[in-house]
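For reference, the structure is listed below as structure tokens.
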Amino acid sequence: QVQLVESGGGLVQPGGSLRLSCAASGIISSIYAMNWYRQVPGKQRELVAVITSGHSTNYVDSVKGRFTISRDNAKNTVYLQMNSLKPEDTAVYYCNVRLGVLEFWGQGTQVTVSS
């Protein structure tokens, strides 16, 4: 059974930093691309960052230069380092993996950027 468990969200002031973690179980996450999404109420879920099995990365334009996705294959964990946070980054952040036609999501972790 595939499980993704996010952690690391919280309340942070504008300009601050947070690091989100996504611990995977039931799969060898290193052989799959792993994704971070975010969602605010009333809006579609947005793809924020992707890391491939070869460690190539891609980001939505709004977070380029501020967010960094990485993976620790030994720990079966993917991270999202978020720096220079802005109020518009406030959302629930979800970890995601696609295994062929199957798709798995974590439970989400709330990130709130506010003074």
Notebook entry, point to check: How about region 74-91: which of its residues are free of Cβ contacts under 8 Å to residues at least 60 places away in the same chain, outside any loop (DSSP other than H, G, I, E, B) and closer than 20 Å to Val40 by Cβ?
Noted result: Glu88, Asp89, Ala91
Check: Out of curiosity, is Thr57 of a type in the set (Val, Ile, Thr), over 30 Å from Ser115 (Cα atoms) and buried (at least 17 other Cβ atoms within 10 Å of the Cβ)?
Finding: no
Margin query: For the condition farther than 17 Å from Gln107 by Cβ and among the hydrophobic types (A, V, I, L, M, F, W, C), what is the one hit in Ala33, Ala24, Ala91?
Written below: Ala33
Next item on the list: Tell me, please, whether a residue that is at pLDDT below 95 and under 11 Å from the mean Cα position of the chain (by Cα) can be found in region 45-63.
Entry: no
Notebook entry, point to check: Which condition breaks for Arg71 when tested against (1) among the charged types (D, E, K, R); (2) without any contact (Cβ under 8 Å) to a residue 40 or more places away in the chain; (3) surrounded by 14 or more Cβ atoms within 10 Å (Cβ to Cβ)?
Noted result: (2)
Next item on the list: Considering each of Ser30, Ser70, Ser21 in turn, give the residue that is among the hydroxyl-bearing types (Ser, Thr, Tyr) and either outside any strand (DSSP E or B) or farther than 30 Å from Ser115 by Cα (or both).
Entry: Ser30
Checklist line | Counted residues, region 83-104 - those being open to solvent by 80 Å² or more (accessible area, probe 1.4 Å) and β-branched (Val, Ile, Thr) | finding: 1
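Could you grab me the full set of residues in region 2-16 that are on the phi < 0 side of the Ramachandran plot and open to solvent by 50 Å² or more (accessible area, probe 1.4 Å)?
Those that are on the phi < 0 side of the Ramachandran plot and open to solvent by 50 Å² or more (accessible area, probe 1.4 Å): Gln3, Val5, Ser7, Leu11, Gln13, Pro14.
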Next item on the list: Pull up region 17-36, narrow it to residues that are surrounded by 23 or more Cβ atoms within 10 Å (Cβ to Cβ) and small (Gly, Ala, Ser), then point me to the one that is nearest to Val5 (Cα to Cα).
Entry: Ala24
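The values are calculated or read from the model by the stated rules, or taken from the named source; none is laboratory data. Source: prediction; values computed, not measured. Cβ atoms come from the backbone with ideal geometry, glycine included; neighbour counts cover every protein chain shown. Each accessible area value is taken on the protein alone, full model and side chains, heavy atoms only, with ligands, DNA and RNA left out. Shrake-Rupley method; radii C 1.70, N 1.55, O 1.52, S 1.80 Å.
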